[in-house]
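This report refers to the structure that appears directly beneath it.
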Amino acid sequence: MLILEMFRIAGQSIRANFFRAFLTMLGIIIGVAAVITMVALGSGAQEAINSQLDSLGGKILSVRTGQMFHRGVASSDSKLTADDANAVISDVTSVVAVVPEVQSRKQIKLGNKNRSLNIVGTTPNFADVNKYEVVAGQVFTNGDNAAKKRVVVLGGGVPAVLEVEPELLIGRNLTIEGTSFEIVGVLAEKGSIGFSNRDEYIFTPLQTAQYRIAGTNTIDSMSVLVNEEVTIEQAMIDVERVLRREHKIIPGGANDFSLSDRKQFLNMQQEAAKIFSALLAGIAGISLIVGGIGIMNIMLVTVTERTREIGIRKALGATRLNILTQFLIEAMSLCVVGGGIGILLGSTASTLLANLAGWQTPISVEAVTIAFLFSAGVGLFFGIWPARKAANLDPIEALHYE
């Protein structure tokens, strides 16, 4: 019953000086809300990156053109060709599929809509290798590629750019640099990966792009799908060996192409997101400590204001432990109430920001629990000194305090 009485007195003290108590709790409220929000957004960023990693499908290597260097000076631009892609698929047993690409940015027109978009010439297997889904129409065929047909498949974000529903685009013609192309398919959106948003790309048969758009027989890059039973490292060695042979690079000579794991960049993003989330959570934790210092300050003021009350209670038989417990309960009550308000604000802010960012981010129960317990701990830690000061007051001097 004595503990319940102490909580009742603590509640009366908070209500009696509500505005001062609220300002005191503000640091705790902001700290708890910030911790929950930062952890939730960090988790959302992790989930977004993980979904991008899943959308990439299997193990995929990217091969791009590079430059040959002699004594630190670039001597000539290298070229990748469709023959290189054919050599990789035929001579590297660890490779399942190869998707060559030639890319250029062109002006397109559909009706009165005029936009500048990336045009990618590639083979029909690009959709399967990159795990694209077709939401309308179909992907062009090998026959379309061989015949250099003027057909295109739109990335999932292009219909929004053109302000037309995907289903209504099938069969219509758009012009690329004045040349008419028939739209035969529209892909589902996958989201941007790194700095590239392939949802706003337009795909056309490789030979069509080479001879009707880009005017070249070379390619810019190729995506290499690796057998799941083979490590990325081994596949990179095998692909590098074949390309060095095709490019007639002498032993010890520098590669005139670059090889990279497509998931490597996203993995780096993932690690950076983890570090950034931890940093933000740490900064939010500092605000909890600052809030605790504010509580200690106000509790010291409270002890001074209630010196005579403490003297009366001691004269009536209250022990040092009773006084110590009373002021600790009051300090912890401020932190717990502030923590509760902070949880509500943090949860609301996390939900709003997650919706704005387009992330499906559940509120972390672990983050809520840690933030709440930490706020209670802050109240206990920073309430000890004022509580000890109150408990150690001499009752006679306290009664004579004005």
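Since every read-out is calculated from the coordinates, none of them should be taken as a lab result. As the structure is a computational prediction, the values presented were derived from the model and not from experiment. Here the Cβ is made from the backbone with ideal geometry for all residues, glycine too, and neighbour counts use every protein chain on show.
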Tell me the label-point distance for the pair residue 20, residue 64, using the 7 Å Cα-to-Cβ offset, in nm and rounded to one decimal. 6.4 nm
Listed peptides 159-168, 289-298 by packing density, highest first (mean Cβ within 10 Å): 289-298, 159-168
The alpha-carbon pair-distance distribution computed for the range 116-253, with 10 angstrom bins and whole-percent values, is 11, 37, 31, 15, 6, 0
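Between residue 286 and residue 135, what is 0.36 nm times their sequence separation minus the Cα-Cα distance? Round to one decimal in nm. Each step should come with its number before you reach the end.
Working: separation 151, 0.36 × 151 = 54.36 nm, distance 4.89 nm.
Once the chain is fully extended between residue 286 and residue 135, it gains 49.5 nm.
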Ranking 113, 148 by Cβ neighbours within 10 Å, fewest first, what do you get? 113, 148
With each label point set 7 Å from Cα along the Cα-Cβ vector, what nm distance links residue 227 and residue 348? 5.9 nm
Please give, to one decimal in nm, the separation of the simple spin-label points placed at residue 254 and residue 160, each 7 Å out from Cα toward the Cβ. 4.1 nm
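For 24, 325, 302, which order do you get if you count the other beta carbons within 10 Å of each Cβ and list the fewest first?
On the way: 24 24, 325 17, 302 20.
Listing 24, 325, 302 from fewest to most nearby Cβ atoms yields 325, 302, 24.
So for each of 316-324, 246-254, 88-96, 377-385 I average, over its residues, the number of other beta carbons within 10 Å; can you give me the resulting order with the highest mean first? Spell out each step's value before the answer.
Working: 316-324: 13.6, 246-254: 10.9, 88-96: 17.1, 377-385: 20.2.
Sorting 316-324, 246-254, 88-96, 377-385 by mean packing, highest first, produces 377-385, 88-96, 316-324, 246-254.
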